[in-house]
1. Could you list all residues from region 84-96 that are in contact (Cβ under 8 Å) with a residue 24 or more places away in the chain and either over 22 Å from the mean Cα position of the chain (by Cα) or in a helix (DSSP H, G or I) (or both)?
2. Give the residue that is modelled with the highest pLDDT, with candidates limited to residues of region 58-94 that are of a type in the set (Phe, Trp, Tyr) and more than 30 Å from residue 41 (Cα to Cα).
Amino acid sequence: MNPDTNPPTNATQPPAGTAGLSAEKIYFRSGVVIFVAGLAAAALIYAFSSEQTSAPFLDPRLTEFQIERIGGKAMVYVVRFNEWFAGFWHGRPLAFTIAVLALLAALFCFWMSDRSALRARAAGNAARKD
């Protein structure tokens, strides 16, 4: 079989739906989609969740005292941190967490888009000099 007649492999073909798009445009559009989808998800979570209600202990001071007896003062701080951090993943605070994560992911995509554009311009300038 003649190697010149083989069709090109998938490795040389761009992914479906991205033909003719530069990396800059792909990153930018991905950032927009991530941002819009994240804000929409955050809005839905915020709208359909109730105020966060945690089941408080009967006597928080007694509970903290017991934790300190078992694990020491460091364990009390670990439990406090754990309760604070766990609050981000339930109810309305989850909506804010998702909105912030979507914003950070979108900003990363926009930054990558900018870096890709700078790299493409630098490659174009280098090609013109040669």
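The values are calculated or read from the model by the stated rules, or taken from the named source; none is laboratory data. Everything quoted here is computed from the prediction, not taken from an experiment. Using ideal geometry, Cβ is built from the backbone for each residue, glycine included, and neighbour counts are taken over all protein chains shown.
1. Our first condition is that a residue be in contact (Cβ under 8 Å) with a residue 24 or more places away in the chain; within region 84-96, this holds for 87, 90-96.
Hits for region 84-96 are 87, 91, 92, 93, 94, 95, 96.
2. 77
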